[in-house]
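Take a look at the structure below.
The values are calculated or read from the model by the stated rules, or taken from the named source; none is laboratory data. Remember, it's a predicted structure, so these values are computed and weren't measured experimentally. So basically every Cβ, Gly included, is an ideal-geometry build from the backbone, and we count neighbours across all protein chains shown.
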Amino acid sequence: MTEYVASAQPVGSAHVVAAAGVRASPATVRHEMAALESEGYLMQPHTSAGRIPTDRGYRYFVDRMAGLGRLGDAERSRVRDFFAHAHGELERVLLDTSRLLSDLTNLAAVVVGPDPERTTVRSVQLVPLSGRDALLLVVHSNGSVERHGLDLAPGTSDDAVERASRHLHEHLVGRRLGDHAEIAPSGDSVVDALVRDALRRLGRSDGESGPVFVGGASRMTDAFEAISTVRSVLEILEQGVVVVSLLEDLLDRGLSVAIGTEHGVEPLASCAVVVAPYQVEGERLGTVGVLGPTRMDYPRALAAVATVSRRLGQSLAER
């Protein structure tokens, strides 16, 4: 398994016999490899070639791994330094986190951001811009910032916008966005119209989950020989809803690794996915994962995903 992952070349019996620690004759090795092939753990891509693992073989390997693997000292230091300096807007942190994880694994990395409706409102402000426009700014408890432009009715004064801003702040701060439906009217028709318009813009009404950040998608061009496979993988990575559904489904099924057809997304049948949630105070905010060929370094991928997800959760808890 490890030899094929490293070389991408079918492994023959002679190579196995020559490996350190193997004490068996070539005939015994050939017999064992044939038996594993008949049981569905190995396959022979060509008659004269050695064997390569099947999805079932990869699953057997992953299920019997001793631990998650371990990142090197330099890589762990890089992760610590990254999160020690991971400040600024949440969206930038999550995008940079996806790039960090891709660099650590040489795979495509995905970070799903927190669902705004699962967080509370830290601050809300309605700012008049010019004439007929205003800007709605909402800062969430996870550090993310939501921005929306509002069209003002003719003759709306800056004072009315300010009063609407205060009314929103008074009723939304400390609450989840999913709880904003009922806000007591102010008694001013202009202010109440602005508040209703602002509430319609907050959160999402289309059922989407958190934003998706993808790092290292270009690495897929080197991971697969078939251009059609590369194209299919890139198309999936561009579909945020599909990516979120895939990762959340795996976590709901209790899986940290899905190999080949296990994840149920047909265009990714030649791929494996390694996934982990990141949490703050025991609450799952989002998801971290990597996607690549089934011939991936699973111990390394699991170690990187586990380390990054844990440090991301710690970083968000300190914001």
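Annotations for the structure displayed:
- Residue check, residue 97 at pLDDT 95 or above and either farther than 21 Å from residue 212 by Cα or within 29 Å of the chain's Cα centre (by Cα) (or both): yes
- Filtered residues of the range 46-80 (kept if in contact with a strand residue (DSSP E or B) (Cβ under 7 Å, 6 or more places away or on another chain) and either assigned to a loop (DSSP other than H, G, I, E, B) or surrounded by fewer than 11 Cβ atoms within 10 Å (Cβ to Cβ) (or both)): 50, 54
- Residues of the range 214-253 that turn out to be exposed (fewer than 12 other Cβ atoms within 10 Å of the Cβ) and on the phi > 0 side of the Ramachandran plot, as a count: 0
- Filter result for the condition that a residue is surrounded by fewer than 24 Cβ atoms within 10 Å (Cβ to Cβ), of a type in the set (Gly, Ala, Ser) and within 17 Å of residue 54 (Cβ to Cβ), over 270, 256: 270
- Residue tally, condition charged (D, E, K, R) and part of a strand (DSSP E or B), over the range 120-162: 5
- One residue stands out in the range 139-163 among those that are of a type in the set (Gly, Ala, Ser) and touching a helix residue (DSSP H, G or I) at 6+ places or on another chain (Cβ under 6 Å): the one that is farthest from residue 283 (Cα to Cα), namely 160.
- Close pairs (6 angstrom Cβ cut-off, 6 or more residues apart or separate chains): within 25 Å of residue 147 (Cα to Cα) in the range 79-104, among the hydroxyl-bearing types (Ser, Thr, Tyr) and modelled with pLDDT of 90 or more anywhere: 86/315
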